[in-house]
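Chemist: The structure that follows is given in the form of structure tokens.
The values are calculated or read from the model by the stated rules, or taken from the named source; none is laboratory data. All figures in this text were calculated on a predicted structure; none of them were measured in a lab. Don't worry about glycine lacking a Cβ; one is built from the backbone with ideal geometry, like all the others, and counts go over all protein chains shown. Protein only, heavy atoms only, side chains kept; ligands, DNA and RNA dropped before computing areas. Shrake-Rupley method; radii C 1.70, N 1.55, O 1.52, S 1.80 Å.
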Amino acid sequence: AWCVALWPTMYLILISASAITHGGAIAHTRFSRPAPRLTTASHRWFAAPVTPRGGVPAACDFSSQQRLREEAEAPFAKARLFVWPTLFAAAVVATYFAATGMLAVAVGAREQAAGSSPLVDLGIDLTAVGTTGFLWKRELDARDSRLRRIAFGARLAALRVTQLGAGGG
């Protein structure tokens, strides 16, 4: 059982060793081929990705360097992107049980507990679903905004500066 838990770590070590021995270039296997990308410029280092959604790049259109810069700017964003969906799922499960409990009280299959109202419980759970869903969406939008800003900065920094009107004479 311990080897099952260690195989991802061993795989990453082997990939890293392969990258070091091949001069930093990781040999592509049939599982690790990069996806083809459409570009708009003739220079690959400056090429902006073609975006199918009306000029807004998708999350997969950013380079790993841009993603690492975004992670350095917001170090706990990945943790929040794990916590919000988890809390959202927990709120959905709680809403399900509150709704079935309210239904059981409504049809007379179960007596109402003293001091609690199934409608209030359901309202609280629905509020939790809405709040965590809103915060999750806001975190995704903030991540995309940071990535777009970083990508724009990288494209701007890659522009060449030429002096206009510099003629000999």
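Chemist: In segment 124-169, what residues are hydroxyl-bearing (Ser, Thr, Tyr), out of contact with any Phe, Trp or Tyr (no Cβ under 6 Å at 6 or more places or on another chain) and surrounded by 12 or more Cβ atoms within 10 Å (Cβ to Cβ)?
Modeler: Thr127, Thr131
Chemist: A follow-up question, please. Given the criteria in contact (Cβ under 8 Å) with a residue 40 or more places away in the chain, in a helix (DSSP H, G or I) and under 23 Å from Glu71 (Cβ atoms), does Arg138 qualify? Give the steps one after another, and end with the answer.
Modeler: Working: in contact (Cβ under 8 Å) with a residue 40 or more places away in the chain: no; in a helix (DSSP H, G or I): yes; under 23 Å from Glu71 (Cβ atoms): yes.
Spelling it out, it is not the case that Arg138 is in contact (Cβ under 8 Å) with a residue 40 or more places away in the chain, in a helix (DSSP H, G or I) and under 23 Å from Glu71 (Cβ atoms).
Chemist: Could you figure out which of (1) part of a helix (DSSP H, G or I); (2) without any contact (Cβ under 8 Å) to a residue 12 or more places away in the chain isn't true of Ser116?
Modeler: Every condition holds for Ser116 apart from (1).
Chemist: Polar (S, T, N, Q) and within 30 Å of Asp61 (Cβ to Cβ) - does that describe any residue in segment 149-169? Lay out the reasoning, then the answer.
Modeler: Residues of segment 149-169 polar (S, T, N, Q): 162-163.
Filter once more, keeping what is within 30 Å of Asp61 (Cβ to Cβ): 162.
Checked segment 149-169: at least one residue is polar (S, T, N, Q) and within 30 Å of Asp61 (Cβ to Cβ).
Chemist: Regarding segment 79-91, can at least one residue be identified that is in contact (Cβ under 8 Å) with a residue 12 or more places away in the chain, open to solvent by 80 Å² or more (accessible area, probe 1.4 Å) and farther than 21 Å from Ala128 by Cα?
Modeler: no
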